[in-house]
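J.: Okay, here's the structure, questions in a sec.
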Amino acid sequence: MRPPSIPTNAIPESYNYIAAFLTFRCPFHCSFCINKLQGGLVLTYHELPGDAWIDFLTRLDTHGVPITLQGGEPGNHPDFIRIVKEVSQAHPVDLLTNLAFNLNDFVREVDPERLNREAPYAPIRVSYHPEQFTLDFIMKRVLFLQDAGFRVGLYGVLHPDQHDEIMRARDICLDRGIDFRTKPLLGWHNGTLYGDYAYEDACGGSAIGTCDCAGSELLVAPDGTLHRCHHFLYNKLAPIGHIHDTPLPRADIPRPCAHYGLCNPCDIKIKNNRFQQFGHVAMQISNIQTATHLFHISEVASTSTAQ
Ligand code: SF4
Ligand code: SF4
């Protein structure tokens, strides 16, 4: 815990998610990786050193929202283990990872009790990518962490081309005591848009309109810039600010956007909030100037079980 004399940066209480993208580097090359730019180029950002991440994240007043360290592969950041160690002293920390880092160093340096907590999902969430590595390979790594006392979940995306393998993996993992869960595919595949979205024409694939849009997430790029949504983050569009700005720029203020139609599925899908209540949508979009959109947020709110 920091002494009270050290100033904190507070996020709005309405925020539902805090994502620190430590790096977009990753040793794997999944065909459906959302971090790839058009033409297959890999997304790159200048990367903050570990001290800058630790200073910013430990001073953040999060109102109890966990800080999710992710990428790319966050374990590829040179100070990854130190960041996990230090930030987890101040806040609940989640990891989205494919475990492509030195697990021996990790279990030696990080106390599992700093990461483990009561929650409906594991704090270390590992992706299984059948086109990049075998089930046996990733299961051994998950079990290694579990045996060291960490709570780990393994996740597979129900991509149509991998459906059978993911279901096979689920059965084997559940048998071996691994918390395996499936995730729906989001986005386009073979001309079909997968996922349930609050604004159906928002990820049609072409810029088709303007709108006002407000977020509910703190999205920090590897270089410390803050982004209003995943589309702006992944395309290196104008950030709303930087972690060094005081006070922190807010993403929850409606701002005009001319990219409606190119939205990232993560931002407009209807999902659980951090309390696992269904019906949450990250972005609140209004004043859409375009062709008819099928659902408006107010309709979603009136038909969902919880907000
Ligand atoms: S493991 Fe994740 S970040 Fe790496 S290439 Fe695959 S989808 Fe992208
Ligand atoms: S309309 Fe889409 S692209 Fe524009 S800010 Fe909102 S979520 Fe991002």
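The values are calculated or read from the model by the stated rules, or taken from the named source; none is laboratory data. Only a predicted model underlies this, so the values are computations on that prediction, with no experimental measurement involved. With ideal geometry, Cβ positions are generated from the backbone for all residues, glycine too; neighbour counts draw on all protein chains shown. What goes into the accessible areas is simple: the full protein's heavy atoms, side chains included, and nothing from ligands, DNA or RNA. Shrake-Rupley method; radii C 1.70, N 1.55, O 1.52, S 1.80 Å.
J.: First compute the accessible area of the stretch 212-292 with a 1.4 Å probe, then give the percent of it belonging to carbon and sulfur atoms. Intermediate values should be presented prior to the final figure.
T.: Values: 1800 of 3320 Å².
Answer for the stretch 212-292: carbon and sulfur cover 54 percent of the accessible area.
J.: What are the residues whose amide H is under 5 Å from the amide H of Asn9, where those residues sit 5 or more places off or on another chain and H is modelled from the backbone?
T.: Correct list: Leu60, Asp61.
J.: May I pose another question? 222 nm [θ] for the chain, helices only, -39500 (n - 2.57) per DSSP H run of 4+, per residue, to 500? Walk me through the numbers before you get to the answer.
T.: Details: 9 runs with 73 residues, N = 307.
Result for the chain, helices only: -6500 deg cm²/dmol.
J.: Does the chain come out rounded, prolate or oblate by the C-alpha gyration tensor, with a ≥ b ≥ c the root eigenvalues, rounded set by a/c under 1.5 and, if not, prolate when a/b is larger than b/c and oblate if not?
T.: Values: a/c = 1.60, a/b = 1.15, b/c = 1.40.
Here the chain falls in the oblate category.
J.: Right, here's the next one. In whole Hz, with x marking every Gly and Pro, tabulate ³J(HN,Hα) for the stretch 61-74 from phi via Karplus 6.51 cos²θ - 1.76 cosθ + 1.60, θ = phi - 60°.
T.: 8, 9, 6, x, 5, x, 9, 9, 8, 8, x, x, 10, x
J.: What number results when the radius of gyration of the stretch 1-153, computed over Cα atoms, is divided by 2.2 N^0.38 Å? List each step's numbers first, then the result.
T.: Working: Rg = 15.9 Å, N = 153, 2.2 N^0.38 = 14.9 Å.
Here the answer is 1.07, to two decimals.
J.: Determine the shape class of the stretch 67-191: with a ≥ b ≥ c the square roots of the Cα gyration tensor eigenvalues, call it rounded for a/c under 1.5, and otherwise prolate if a/b is greater than b/c, oblate otherwise.
T.: Values: a/c = 1.89, a/b = 1.59, b/c = 1.18.
Prolate, because a/c is 1.5 or more and a/b exceeds b/c.
J.: Would you mind checking Lys140/Lys269; Lys140/Lys183; Lys183/Lys269 for any pair whose Cα atoms are more than 24 angstrom apart? List each step's numbers first, then the result.
T.: Values: Lys140/Lys269 33 Å; Lys140/Lys183 21 Å; Lys183/Lys269 13 Å.
Those over the limit are Lys140/Lys269.
J.: So if I take the centroid of the Cα atoms in the stretch 209-254 and the same for the stretch 48-96, what is the distance between those two points in Å?
T.: Spelled out, the Cα-based centre of one part sits 18 Å from the other.
J.: Here's another thing I want to ask about it. Rounded to the nearest 20 Debye, what is the dipole magnitude of the chain about its Cα centre when Lys and Arg each give +1 and Asp and Glu each give -1 at the C-beta?
T.: 120
J.: Using a Debye calculation, one point per C-alpha and no hydration shell, please list log10 I(q)/I(0) for the stretch 148-274 at q = 0.16, 0.20 Å⁻¹ in order.
T.: Each listed q corresponds, in turn, to -0.93, -1.13.
J.: Suppose a student asked you for the relative contact order of the stretch 117-184, using Cα pairs under 8 Å spaced at least 6 residues apart; what percent would you report? Each step should come with its number before you reach the end.
T.: Values: 78 pairs, mean separation 23.4, N = 68.
Reported as a whole number, the value is 34 percent.
J.: Also, I was wondering about something else. Residue by residue through the stretch 194-205, which ³J(HN,Hα) values in whole Hz follow from phi under the Karplus form 6.51 cos²θ - 1.76 cosθ + 1.60 (θ = phi - 60°), with glycine and proline marked x?
T.: Couplings: 9, x, 10, 10, 6, 10, 5, 8, 6, 10, x, x Hz.
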